[in-house]
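S.K.: Input: one structure, supplied below.
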Number of protein chains: 2
Amino acid sequence: MRRHYATIKDIAHALNISVSTVSRALRDTYDVSADTRKLVLEMAAKLNYKPNFNATGLVKNSTHNLAVILPGITNYYFSTVFTGIQEIAYSHNYNIILYVTNDDAARELNIIRNLSFSSLDGLLVSVSSQADSCDHFQEIIDDGIPVVFFDRVAAGIRTSKVMQDDYNGAFEATTHLIANGYKKIAHIAGPEGLTFTTSRLNGYLDALRKHGMPIRKKWIIHSGFTQECGENDLEKLWKLNDKPDAVFAVNDRKAVGAIVTLKKKNIAVGKEVGVIGFTNDPMSAIISPSLSTIAEPAFEIGKKSCQLLLNHIKKKNFIPEEIILPGKLIIRESSIRS
Amino acid sequence: MRRHYATIKDIAHALNISVSTVSRALRDTYDVSADTRKLVLEMAAKLNYKPNFNATGLVKNSTHNLAVILPGITNYYFSTVFTGIQEIAYSHNYNIILYVTNDDAARELNIIRNLSFSSLDGLLVSVSSQADSCDHFQEIIDDGIPVVFFDRVAAGIRTSKVMQDDYNGAFEATTHLIANGYKKIAHIAGPEGLTFTTSRLNGYLDALRKHGMPIRKKWIIHSGFTQECGENDLEKLWKLNDKPDAVFAVNDRKAVGAIVTLKKKNIAVGKEVGVIGFTNDPMSAIISPSLSTIAEPAFEIGKKSCQLLLNHIKKKNFIPEEIILPGKLIIRESSIRS
DNA sequence: AAATTCACCGAGAACGTTACCGATTGATTT
DNA sequence: AAATCAATCGGTAACGTTCTCGGTGAATTT
């Protein structure tokens, strides 16, 4: 049986004062003497008083809850972003309600539709990769709910966004492969339609163009983000007559898939075929040969997103900001010919 | 500016009926005709009505929120457990408020103290490894809040618990090393005081005893759960005069640390020194030589914990259950002498 | 001494919803 | 024709909190 928690009324009754005074004393606002305030605080501690956020939420029309919507949490990037979000939320006394979509557009839509905005102050979201339409997000924003997108942002929606520098990261990664003497560079990309898939593809293409390298349609393969997808993509590439001699993967998990498959084919990764990824997943340091990559500022993206959302919540009519954080090239064995 | 969402009153006003009737119609309970019910539902859809959970929570003294408290989310085990929890919660229309403690006892305590149980139906927790006392959990349980522990359970507290079979997993892992001809088996363990550290230690010790293998105090090292801790532990072992010829690590991350360090020392992992871990982190398949391990049923633990909590919530005076799920030995290269 | 200010406190409404009880119908029974 | 009943609905209090406003007494000013 659930016991009854002490309320503001109980404190008032115990001290023989009014609930208004107790309320003011607890919030340390105006119109309350130091003496009574002390009494109230002591009594609150004694009765183990805990504020009822349902009640405050009702009257103030603001709870201290943020919702976070993510494709998944079982990978390095998203779990690290979440930790960053959590860090800021914790220091500002906000709670996080976490929803994972399993990268399923239908589930994402269902979650959004059932969201209770009366008990939510704002929304942080990284969209599912299969999302065909983003109207449901637009509706929420039109309703005045503060929303911040991160990493996988929805194009064409006017709100704050935080992402890594996908274009330049991809450009740098590809340039690095070129500088190391690889000449036939393939790209195993993410699902089409996602903003950052396009950005990384463009960075790759522009790097090739700048250095007059060949661009082959067949060397660009779109699929999902898993290691298995990376393995399949590489198998496809190696069925071609004109095989590439290097691979730039849209993320580390796919790059790991590529390395594993190359090793199975007894191809010397690095020496024969160069591989570079994107993320700096801890796995990239563990695998051998170790994987060169572009380190993403995942933790900072989380922190920044949450800070932005809190600003959004505090000032109504906050002007949307787009923040792009730089990545960092990390050179390991998989991209070195030596 | 945040727009005002349609309330039950708006629906009542638009249809010129009372709020009580609308409330009953929306919940599809007794005392409402099919006709008015249809009208109400249509109007609700038209006005984009969304129930205010603060209000329902106030009167019903139950929200559809569960809190999950975890040491961290950036590793395979916890993120997978969480995904399992989320799966069950989602199908029962419960929201999850996630707190990460960063394995910091002070932070854990602070989170618990600030928890608003008026907007929480129950609690799922894996305790921080530094937790010296668990009185704060006992208080909550005494207050009648349903609590389920998983993985890292607090000893001496009477409530439901879900864990993997740590003892038998450790026993099996150690026996496997013995069967493969290793004779001087060390254990790099978790922090002392944690229940499963002890269970895995006991499984290790009993396996050694059963096969008449030597037990050396110096071959048992307690420290944290990170890869770095594994590296340090191995360095300590290799400073001994009487070095072990195999290592059973309390988890895969520490085992990876051990492998990395052994490789640095040009010691052939598997052939010279055997290593086995615990978890079946995806990393264990990636590293070379690949890491033998005990696979934990992380996803099932998450699902089971959440199911148990929901049962707890539904029936008051639910009798606490302890569920132990079996692990599975996965043999890879790191423990094979061939 | 009267008027004004100040510091502090209390009463009551409001937030959106549900629960309880009573009222109103029309139909059915006696 | 009177009484009973079932079906449907409305009024009101309650949940715990905050907010607005008005009130009290004391201190200060005129």
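S.K.: What about B:L58, is it free of Cβ contacts under 8 Å to residues at least 24 places away in the same chain, within 9 Å of chain A (Cβ to nearest Cβ) and surrounded by 16 or more Cβ atoms within 10 Å (Cβ to Cβ)? Explain how you work it out, then say what you get.
M.R.: Working: free of Cβ contacts under 8 Å to residues at least 24 places away in the same chain: yes; within 9 Å of chain A (Cβ to nearest Cβ): yes; surrounded by 16 or more Cβ atoms within 10 Å (Cβ to Cβ): yes.
Spelling it out, B:L58 is indeed free of Cβ contacts under 8 Å to residues at least 24 places away in the same chain, within 9 Å of chain A (Cβ to nearest Cβ) and surrounded by 16 or more Cβ atoms within 10 Å (Cβ to Cβ).
S.K.: Considering only residues that are modelled with pLDDT under 95 and among the hydrophobic types (A, V, I, L, M, F, W, C), look in segment A:148-181 and name the one that is farthest from A:S116 (Cα to Cα).
M.R.: Ranking the candidates gives A:A155 first.
S.K.: Criterion first (in contact with a helix residue (DSSP H, G or I) (Cβ under 9 Å, 6 or more places away or on another chain), touching a residue at least 12 places away in the same chain (Cβ under 8 Å), within 10 Å of chain B (Cβ to nearest Cβ) and open to solvent by less than 30 Å² (accessible area, probe 1.4 Å)) does A:V148 satisfy it? Walk me through it before giving the result.
M.R.: Working: in contact with a helix residue (DSSP H, G or I) (Cβ under 9 Å, 6 or more places away or on another chain): yes; touching a residue at least 12 places away in the same chain (Cβ under 8 Å): yes; within 10 Å of chain B (Cβ to nearest Cβ): no; open to solvent by less than 30 Å² (accessible area, probe 1.4 Å): yes.
Spelling it out, it is not the case that A:V148 is in contact with a helix residue (DSSP H, G or I) (Cβ under 9 Å, 6 or more places away or on another chain), touching a residue at least 12 places away in the same chain (Cβ under 8 Å), within 10 Å of chain B (Cβ to nearest Cβ) and open to solvent by less than 30 Å² (accessible area, probe 1.4 Å).
S.K.: I need every pair where a residue in segment B:314-329 that is over 30 Å from B:D252 (Cα atoms) has its Cβ under 9 Å from the Cβ of a residue that is at pLDDT 95 or above and charged (D, E, K, R), sequence separation at least 6 or different chains.
M.R.: B:P320/B:K161
S.K.: Let me ask you something else. If you go through segment A:33-44 one residue at a time, do you hit one that is within 8 Å of DNA strand D (Cβ to nearest atom) and under 40 Å from the mean Cα position of the chain (by Cα)? Quick ask: steps written out before the conclusion?
M.R.: Residues of segment A:33-44 within 8 Å of DNA strand D (Cβ to nearest atom): none.
Looking through segment A:33-44, none of the residues is within 8 Å of DNA strand D (Cβ to nearest atom) and under 40 Å from the mean Cα position of the chain (by Cα).
S.K.: In segment B:257-300, how many residues are more than 14 Å from B:D233 (Cβ to Cβ), part of a helix (DSSP H, G or I) and open to solvent by less than 20 Å² (accessible area, probe 1.4 Å)?
M.R.: Matching residues across segment B:257-300 total 3.
S.K.: Another question, if that's okay. Check off (1) at the interface with another protein chain (Cβ under 9 Å from one of its Cβ atoms); (2) more than 10 Å from DNA strand C (Cβ to nearest atom) for A:K46 and give me the number that stays unchecked.
M.R.: That leaves (1) as the condition not met.
S.K.: Here's a follow-up. From the list A:D233, A:D242, pick out the single residue that is of a type in the set (D, E, K, R) and not in a loop (DSSP other than H, G, I, E, B). Step through it out loud before you land on a result.
M.R.: Working: A:D242 fails: not in a loop (DSSP other than H, G, I, E, B).
Within the list A:D233, A:D242, the selection yields A:D233.
S.K.: Look at segment A:237-256 and say how many of its residues are touching a Ser or Thr at 6+ places or on another chain (Cβ under 9 Å) and open to solvent by 50 Å² or more (accessible area, probe 1.4 Å).
M.R.: Of the residues in segment A:237-256, 1 are touching a Ser or Thr at 6+ places or on another chain (Cβ under 9 Å) and open to solvent by 50 Å² or more (accessible area, probe 1.4 Å).
S.K.: To continue, here is another question. Please determine whether any residue of segment A:156-172 is within 24 Å of B:L70 (Cβ to Cβ), out of contact with any Lys or Arg (no Cβ under 6 Å at 6 or more places or on another chain) and assigned to a loop (DSSP other than H, G, I, E, B).
M.R.: No; the residues of segment A:156-172 include none that is within 24 Å of B:L70 (Cβ to Cβ), out of contact with any Lys or Arg (no Cβ under 6 Å at 6 or more places or on another chain) and assigned to a loop (DSSP other than H, G, I, E, B).
S.K.: While we're on this one: Any residue in segment A:93-120 that is at positive phi sitting within a Cβ distance under 7 Å of a residue that is open to solvent by 60 Å² or more (accessible area, probe 1.4 Å)? List the pairs, counting only those 6 or more apart or interchain.
M.R.: A:N93/A:H64; A:D103/A:Q130
S.K.: If you don't mind, there's one more thing I want to ask. For the subset of segment B:311-338 comprising residues that are crowded, with 18+ Cβ neighbours inside 10 Å and out of contact with any Ser or Thr (no Cβ under 6 Å at 6 or more places or on another chain), which member is farthest from the other protein chains (Cβ to nearest Cβ)?
M.R.: Checked segment B:311-338; the qualifying residue farthest from the other protein chains (Cβ to nearest Cβ) is B:G327.
S.K.: Six or more apart or on different chains, Cβ atoms under 9 Å: show the pairs whose first residue is in segment A:9-28 and away from chain B (no Cβ under 14 Å) and whose second is more than 7 Å from DNA strand C (Cβ to nearest atom) and among the polar types (S, T, N, Q).
M.R.: Pairs found: A:A12/A:S23; A:V19/A:T7; A:S23/A:T29.
S.K.: Run A:D233 past the list (1) among the charged types (D, E, K, R); (2) within 14 Å of chain B (Cβ to nearest Cβ); (3) in contact with a strand residue (DSSP E or B) (Cβ under 6 Å, 6 or more places away or on another chain); (4) over 27 Å from A:I88 (Cβ atoms) and report the number of the one that doesn't hold.
M.R.: (2)
S.K.: Right, something else. How many of the residues in segment B:114-131 are at the interface with another protein chain (Cβ under 9 Å from one of its Cβ atoms) and either part of a helix (DSSP H, G or I) or open to solvent by 30 Å² or more (accessible area, probe 1.4 Å) (or both)? Break it down stepwise before answering.
M.R.: Looking only at segment B:114-131, we keep the residues that are at the interface with another protein chain (Cβ under 9 Å from one of its Cβ atoms), and these are B:114-119.
The next check asks that each one be either part of a helix (DSSP H, G or I) or open to solvent by 30 Å² or more (accessible area, probe 1.4 Å) (or both); those that pass are B:114, B:117-119.
Selection size over segment B:114-131: 4.
S.K.: Give me the residue from segment A:79-92 that is without any contact (Cβ under 8 Å) to a residue 60 or more places away in the chain and facing another protein chain (nearest Cβ under 9 Å) and, out of that set, nearest to B:L58 (Cα to Cα). Walk me through how you get there before you give the answer.
M.R.: At the first step, the residues of segment A:79-92 found to be without any contact (Cβ under 8 Å) to a residue 60 or more places away in the chain are A:79, A:90-91.
After this cut, where a residue has to be facing another protein chain (nearest Cβ under 9 Å) as well, the list is A:79, A:90.
Values: A:S79: 33, A:Y90: 25 Å.
So the residue we want is A:Y90.
S.K.: Give segment B:19-39 a look and list any residue that's modelled with pLDDT of 90 or more and among the polar types (S, T, N, Q), or say none.
M.R.: Listed by number, the residues that qualify are B:S20, B:T21, B:S23.
S.K.: Mind listing whichever residues of segment B:6-29 are surrounded by fewer than 11 Cβ atoms within 10 Å (Cβ to Cβ) and more than 9 Å from DNA strand C (Cβ to nearest atom)?
M.R.: If the condition is that a residue be surrounded by fewer than 11 Cβ atoms within 10 Å (Cβ to Cβ) and more than 9 Å from DNA strand C (Cβ to nearest atom), then B:N16, B:D28 are the ones that fit.
The values are calculated or read from the model by the stated rules, or taken from the named source; none is laboratory data. All values reported here derive from a predicted model rather than from experimental measurement. In this analysis, Cβ positions are derived from the backbone assuming ideal geometry, glycine residues included, and neighbour counts consider all displayed protein chains. We work out accessible area using only protein heavy atoms, side chains counted, and drop any ligands, DNA or RNA first. Shrake-Rupley method; radii C 1.70, N 1.55, O 1.52, S 1.80 Å.
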